[in-house]
Amino acid sequence: METVADRVRAVLGDLREAERRAGRSEGSVTLCAVTKTFPASDVLAALAAGVTDIGENRVQEAVEKHEAVAAAGARARWHLIGHLQSNKARRAAEHFDVVESVDRVEIVERLDRTATELGRTLEVLVQIDLGGEPTKSGAREEEADAVVSAARAAESLRLTGLMTVPPYFDDPEDARPYFRRLRELADGYGLSTLSMGMSHDYAIAVEEGATIVRIGTAIFGRR
């Protein structure tokens, strides 16, 4: 039976191959292992296998795992990739290193205020909704300027890039226009970090310039 470590090695190998095919330098794309619903023991197994970045969708679940990982003497760079409610902004600023799901000015202001109070500098990405799906979060393209401007003006936030979750397609190639559009938007803003691509389509995302891919199923199995 394959272990988490086996699957991490396989994904890292595939990711490096995708970089080579795209003419990218080795290691130019960060693997963010998404551990939503999986236990802290799986987080620890992924970290032991070479993963450095962990993605979580829910603040409370991440806090519990963060504490368990720290108690085990391990370290990770924690990414919040799920929708952030205003009343969870303080805990997010306390426990995450990167918030990828910033999608409105109100959240920028709350995170900035909290990070300033905590004496932290928090990396943020603006999530852009390119598919217009009602079940997914993100700023619409016409709203992006305001969110990006607010994040750039924040005292304790460091805006590095954009994130998107495109619609699911059976053929990963169909996601390419969404990845390409996010890259175009990032270029327009002068931003270099692109978080895009998941287990079924990350090779396409790498070809279109992804610098972070968010992989859950391919490492931990189906939820």
Are any of the residues in the stretch 123-142 touching a strand residue (DSSP E or B) at 6+ places or on another chain (Cβ under 8 Å), more than 23 Å from GLY197 (Cα to Cα) and surrounded by fewer than 18 Cβ atoms within 10 Å (Cβ to Cβ)?
-> no
How many of the residues making up the stretch 54-79 are among the small types (Gly, Ala, Ser) and without any contact (Cβ under 8 Å) to a residue 24 or more places away in the chain?
-> 3
Under 23 Å from ARG180 (Cβ atoms), modelled with pLDDT under 95 and either within 19 Å of the chain's Cα centre (by Cα) or not in a helix (DSSP H, G or I) (or both) - does that describe any residue in the stretch 109-132?
-> yes
LEU194: passes all of (1) in a helix (DSSP H, G or I); (2) of a type in the set (A, V, I, L, M, F, W, C); (3) surrounded by 24 or more Cβ atoms within 10 Å (Cβ to Cβ) but (1)
For the stretch 198-218, does any single residue satisfy the condition of being part of a loop (DSSP other than H, G, I, E, B), on the phi < 0 side of the Ramachandran plot and hydrophobic (A, V, I, L, M, F, W, C)?
-> yes
Among ARG181, ARG176, which is the only one that is within 15 Å of GLN127 (Cβ to Cβ), surrounded by fewer than 19 Cβ atoms within 10 Å (Cβ to Cβ), at pLDDT 95 or above and of a type in the set (Lys, Arg)?
-> ARG181
Mind telling me which of the residues ARG77, ARG104 ends up being touching a strand residue (DSSP E or B) at 6+ places or on another chain (Cβ under 8 Å), at pLDDT 95 or above and surrounded by fewer than 18 Cβ atoms within 10 Å (Cβ to Cβ)?
-> ARG77
Restrict the check to the stretch 152-163 and report whether at least one residue is among the aliphatic types (A, V, I, L, M), buried (at least 24 other Cβ atoms within 10 Å of the Cβ), within 25 Å of ALA93 (Cβ to Cβ) and free of Cβ contacts under 8 Å to residues at least 60 places away in the same chain.
-> yes
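Let's see how each residue does on (1) assigned to a loop (DSSP other than H, G, I, E, B); (2) buried (at least 17 other Cβ atoms within 10 Å of the Cβ); (3) at pLDDT 95 or above:
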{"site": "MET1", "(1), (2), (3)": "yes, no, no"}
{"site": "ASP6", "(1), (2), (3)": "no, no, yes"}
{"site": "VAL11", "(1), (2), (3)": "no, yes, yes"}
{"site": "SER28", "(1), (2), (3)": "yes, no, yes"}
{"site": "LEU31", "(1), (2), (3)": "no, yes, yes"}
{"site": "VAL43", "(1), (2), (3)": "no, yes, yes"}
{"site": "LEU47", "(1), (2), (3)": "no, yes, yes"}
{"site": "GLN60", "(1), (2), (3)": "no, no, no"}
{"site": "GLU64", "(1), (2), (3)": "no, no, no"}
Those residues of the stretch 152-187 which are of a type in the set (Val, Ile, Thr) and either in a loop (DSSP other than H, G, I, E, B) or in contact with a helix residue (DSSP H, G or I) (Cβ under 9 Å, 6 or more places away or on another chain) (or both), in sequence order = THR164, VAL165
So which residues in the stretch 80-95 are closer than 11 Å to ARG58 by Cα and either of a type in the set (Gly, Ala, Ser) or in contact with a strand residue (DSSP E or B) (Cβ under 8 Å, 6 or more places away or on another chain) (or both)?
-> LEU80, ILE81, GLY82, HIS83, LEU84, ALA92
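The values are calculated or read from the model by the stated rules, or taken from the named source; none is laboratory data. Computed from a prediction, not measured in an experiment: that's the story for all the values here. As a convention, Cβ positions derive from the backbone with ideal geometry for all residues, glycine included, and neighbour counts pool all protein chains shown.
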